[in-house]
Each structure stands twice: as structure tokens, then as C-alpha cells.
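**Q** Pasting a structure below so you can have a look.
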Amino acid sequence: MTDQSSNQMWGGRFAAGPDAIMEAINASIGYDQRMAAQDIAGSRAHAAMLAATGVITDNDADAIREGLLTVLSEIESGTFQFSTALEDIHMNVEARLKEIIGEPAGRLHTGRSRNDQVATDFKLWVRDQLDAAESGLLALINALLSQAEAGADWVMPGFTHLQTAQPVTWGHHMMAYVEMFGRDLSRVRDARARMNESPLGAAALAGTSFPIDRDMTASALGFDRPSANSLDAVSDRDFALEFLSTASICAMHLSRFAEELVIWSSAQFRFVTLSDRFSTGSSIMPQKKNPDAAELIRAKVGRIFGANTALMMVMKGLPLAYSKDMQEDKEQVFDAADNWMLALAAMEGMVKDMTANVDSLAAAAGSGFSTATDLADWMVRVLKVPFRDAHHVTGTLVAMAEQRGCDLPDLSLEDMQGVHAGITQDIFTVLGVENSVNSRMSYGGTAPAQVRAQIARWRENLA
């Protein structure tokens, strides 16, 4: 296709084309060509509907359909010549269609505008990305479930303020991220259901006088229904904002997990070993194994947050209906989508490949007086001591053990009775980390039996 700068598709309104600066600022073909498949799908549905309602002939509709398939084939094969002078993907496709089939191409745009066309294309593209995000999240959740199943009994330290708090199980920690990404999955599905209304047929802003069938095009494109207000249909970008909002929350979850993997894989922790597939070496230090994939996932959240903020700023001051500002909606979404899908895939790969260092986890689980709360709980449960008093006694014993350079189970019964005479030998049944995690049988607790019950619930829900 040749550059048609001398034949702008503006109609007769402008005597001369825009200068180079105007052409550069006005054109979006450099990025919206990513919506070519969606644009052609929308045009094919529109042409079929125009023929079914008698607006155009069946012969014209057949020519348009075959011509659009030829255009799509050229784009997919890389032989299509995109023109900046033709501004966007819609005009590029229509101009090439005219070169292929001639006059019938001019009838394709009957009963629609670029305003409803771009809204439809963009919705279809975002919907495809939500479907991809759902697949990515399901794969990641399943990888986490497999890790949880393998380590339902493995003890490790649980942290608050990144300080050792209480023993938990590896499976319990993995299931915490299953819950997080499960909420992301719910948001993806919710956003997809809400956005699934077709703008096609809203035309420029007021609808059209042609006897179109918007239900037919909505159904053909997989929408649940046509949008109910033409002004809103062409000016709505909530679906893109919801996509970015959902991506932002999920990216934050990915970043939190990535941070843990960076810490856990360090020489100081040695909780996990990441596979060579998701690590790199140092150019100067041969002993180094860097968790680069996790660090890059941690950084992706900035780009995705930025895209969300950028589009919010674009949309915040726009009156109804369409404004050219909305051309700035796509680059942020495209970039965020690329980085979100990449981060999901990389995290799934790391989770599937990583190896938990069970001995290191267990050694760390018993350090830092992690069973102090169990001691206090035992005093409340067995000796009927008020919790605040039990808390004080336990704190005194922790200070004693710290001063002696030992852990709580290393104190003698006489040491403990010197602080509280009611303590008995039975206390040592709760101070071990295995006893601690097994006792946490409340719903959602870290006990292996509870972890396995949650894994089973998720497996059933996903099935």
C-alpha cells in the first residue's frame, strides 16, 4: 500500500493536509496497529450486519469480507505497509481495502464512526488481555498449590516487621500468595464481565439513523449486549482503567513475593534456591547467583502503576463525548499489559523451579524465640493466667534466655518456675516448632491439616 498523504480521508473539509508536526502528533498508527486483528474482526461483524439489515448488498458484504481477510493476511505476514499519513489502524485498513476491492470498501463505514470503532477495537484488545491474565494467574496459582502440597509440613519462621514472630509452615506461606492471586483472578473475571458491552453502532456519539442491529454485532463479537447509551459508549474508558487498576494490584502482589524471593535466596537466609533459568551470574564475582528475574518483576510495578496514573490523568477532565485526548489511552495500556504478562510468566517459572531448603527453614523456624507466644498461650490455657500476666512472664523468660545466649526450650524447668511457680514439665510439649504449628488448628491457621484443607478447597474451586 502506498503512502496516501495527498488523499487524506477527512472528506472535503480541509483544503490541505496537516504539516509534519501535526501529522506526527495526530498519528497513532505507530502503536494502534497492535489492534489490527480486533479492528478487522469488528469490521467483518459490522459488514455482515449491514447486509443482514439491507443497508448494503450481500455482494458488497462478501467483497468486504474477503478483502478484509486479505488485509489481515498481509498484516500477519508483515507485508502490509502502514502509513503515518493515514493516522490510525482504522484508516490504514480501510484505505488498503479500497485498493483491493474498490467501491464496496466505501460502504463499510456506513452506520458507524471511528469513535465507536476505536472503542470497540480497544475493548476487544483489553478483553483478550484479561483472558491472558486469567490464564497466567491460574498457572501461577497452580504452581503455588504444588509448592504448598509438597511443603505442608515443613516448618519455617513467620515474620512481622521482618522479625521472627511465630513458626509457620511452608505450605501456609505459599497459600497466603494463593489467596492474594486468587483475589486478582476474581478482579480479572469481574472486570471482564463488566466491560463486556459492545460500543459498535453508537457511531460518533448519538447513534445512527440507519436500521442497524446492534445486538447482532454484539453477539458476533462475543459481547453480552450492546452498550445502552451512545454518548457513554464512545467516551468510556473505564474498562481500560479497570484493567490497569487490576494489573496494578496484581503487580504489587508479584512485587511483594519477588522481594521475599530476593531475601530468601540470599546467602544470609538460604531459604530457597532459584533455578539457573531465572538467575544470572556476575561479570566480576564468580560466586554470585543473582535473582534478576525476581528483581525485574519487583521493578515492573512502577511501570504498571505509572500507566494507571497516566490514564487517570488523561480522563479526569474530559467532557462528553469523545475527545482526541483519548488517543493517549493505548500506549500505557499496551506497555502495562506486556509487562504484566511477562511478570506473571516469570513468577510462575520461578515458583515451579525453586527449591525450598528445608533444613535452613527449620533451623530458622526455631530461632528468635519463635515459640514465645506458645508459652504464653499455654499459661493462659492450662494455668488460667490472664494473658497480660502470661505475656509479662514470657517476656521475662525471653530476656533470661537472651542473656544466657540460649533459646526458650533450653531453659530448665527450675529457671521457669523461678519466674512463675505454676509452670510444669508439660510446658516443653508446646515449645518445639513442630508442636507449635500443629497446634494452630483454627480455620485458616498454619497447622498442616488446615493447610491441606485449604489446598483441597482451592483445587476443587479451580476444577
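The values are calculated or read from the model by the stated rules, or taken from the named source; none is laboratory data. Small disclaimer: the values here were computed from a predicted structure and weren't measured. Cβ placement follows ideal geometry from the backbone for every residue including glycine, while neighbour counts extend to all protein chains displayed. The area values use the complete protein model at the heavy-atom level, side chains included, leaving out ligands, DNA and RNA. Shrake-Rupley method; radii C 1.70, N 1.55, O 1.52, S 1.80 Å.
**Q** Between CYS406 and ASP58, with labels modelled 7 Å along Cα→Cβ, what's the label distance in nm to one decimal, could you check?
**A** 9.5 nm
**Q** Follow-up question, since we're still on this one. State the extension gain, in nm to one decimal, for the chain segment bounded by LYS316 and ASP19, taking 0.36 nm per residue of separation less the distance between their alpha-carbons.
**A** That works out to 103.9 nm of additional length.
**Q** What is the sum of charges, Lys and Arg at +1 and Asp and Glu at -1, for the other residues whose Cβ falls under 12 Å from the Cβ of PRO448?
**A** Net charge around PRO448: -1.
**Q** Can you find, among GLN147, GLN38, ASN229, the residue sitting farthest towards the positive end of the charge dipole of the chain, where Lys and Arg contribute +1 and Asp and Glu -1 at Cβ?
**A** GLN147
**Q** Alpha carbon centre of the range 127-189 versus the range 327-352: separation in Å?
**A** Cα centroid to Cα centroid, the span is 19 Å.
**Q** For ASN290, list long-range residues whose amide hydrogen, built 1.01 Å from N in the peptide plane, is under 5 Å from its own amide hydrogen.
**A** Under 5 Å from the amide H of ASN290: THR280, GLY281.
**Q** For a quick size check, give me the Cα extents of the range 397-449 along its three principal axes, largest first, whole Å.
**A** 36, 24, 13
**Q** Pulled fully out, how much extra length does the chain show between THR309 and SER186, if you take 0.36 nm times their separation in residues and subtract their Cα-Cα distance?
**A** 42.1 nm
**Q** Counting only Cα, what are the radius of gyration and maximum Cα-Cα distance Dmax of the range 370-413, in Å?
**A** 10.2, 30
**Q** At a Cα cut-off below 27 Å, give the lysines reachable from LYS300, other chains included and same-chain residues fewer than 8 away excluded.
**A** Filter leaves LYS123, LYS288, LYS289, LYS316, LYS330, LYS352.
**Q** If R₀ is 30 angstrom, what is the calculated FRET efficiency for the pair SER209 and ASP238, using the beta carbon separation as r and rounding to 0.05?
**A** Details: r = 28 Å, r/R0 = 0.93.
My answer for the efficiency is 0.60.
**Q** Next question. For a quick check: with amide H placed at 1.01 Å from N, whose amide H comes under 5 Å from ALA165's, ignoring anything fewer than 5 positions away on the same chain?
**A** GLY158, PHE159, THR160
**Q** Right, next: When each pair of different Cα atoms in the range 92-154 is counted once in the 1/r mean, what is the Kirkwood radius in angstroms, to one decimal?
**A** Hydrodynamic radius (Kirkwood, Cα pairs) of the range 92-154 is 15.7 Å.
**Q** Where in the chain are the DSSP H helices whose C-alpha atoms run 30 Å or more along the long axis and whose mean Kyte hydropathy is at least -0.5?
**A** Those that pass (Cα extent of 30 Å or more, hydropathy at least -0.5) are 114-150, 238-264, 292-315, 330-353.
**Q** What aspartates and glutamates sit close enough to LYS324 to cross-link, taking a C-alpha to C-alpha distance under 17 Å and skipping anything fewer than 8 places away on the same chain?
**A** Leaving aside aspartates and glutamates fewer than 8 places away in the same chain, those within reach of LYS324 are GLU23, ASP32, GLU87, ASP88, ASP116, ASP121, ASP232, ASP236, ASP238.
**Q** Scan the chain and hand back the longest stretch that contains none of the chymotrypsin sites (Phe, Trp or Tyr not before Pro) lying in DSSP loops with at most 10 other Cβ atoms within 10 Å.
**A** Here the longest segment lacking exposed loop sites spans 15-442.
**Q** Stokes-Einstein diffusion coefficient for the range 143-230 at 10 °C in a medium of 1.306 mPa s, Rh from the Kirkwood formula over Cα pairs: what value in µm²/s?
**A** The estimated diffusion coefficient comes to 93 µm²/s.
**Q** Can you pull the accessible area of ILE40 for me, 1.4 Å probe, Å² to the nearest 10?
**A** Ignoring ligands and nucleic acids, ILE40 comes out at about 0 Å².
**Q** Moving on. log10 I(q)/I(0), Debye, Cα-only the range 50-163, no solvent, q = 0.15, 0.18, 0.24 Å⁻¹?
**A** For the range 50-163, the Cα-only Debye profile gives -0.82, -1.06, -1.34.
**Q** Can you classify the range 153-192 as rounded, prolate or oblate using the Cα gyration tensor, where a ≥ b ≥ c are the square roots of its eigenvalues, rounded means a/c under 1.5, and otherwise it's prolate if a/b beats b/c and oblate if not?
**A** It is oblate, given that a/c is not under 1.5 and a/b is not larger than b/c.
**Q** Binning at 10 Å from 0, report for the range 355-463 what percent of all alpha-carbon pair distances ends up in each bin.
**A** Using 10 Å bins, I get a P(r) of 14, 38, 29, 14, 5, 1 for the range 355-463.
**Q** Based on DSSP, what percent of beta bridges with both residues in the chain are antiparallel, to the nearest 5?
**A** On the way: 9 of 11 bridges.
So the antiparallel bridges amount to about 80 percent of the total.
**Q** Tell me the Kirkwood hydrodynamic radius of the range 295-407 in angstroms, computed as one over the mean inverse distance between distinct C-alpha pairs.
**A** Over the range 295-407, the inverse of the mean reciprocal pair distance is 19.7 Å.
**Q** Just the Cα atoms of the chain: what Rg and Dmax do they give in Å?
**A** Cα radius of gyration and Dmax of the chain are 30.6, 100 Å respectively.
**Q** Under the 0.36 nm per residue contour assumption, what length would be gained going from the current alpha-carbon distance of ARG194 and ILE263 to full extension? Mind showing how you got there, number by number?
**A** On the way: separation 69, 0.36 × 69 = 24.84 nm, distance 3.87 nm.
Extra length from ARG194 to ILE263 when fully extended: 21.0 nm.
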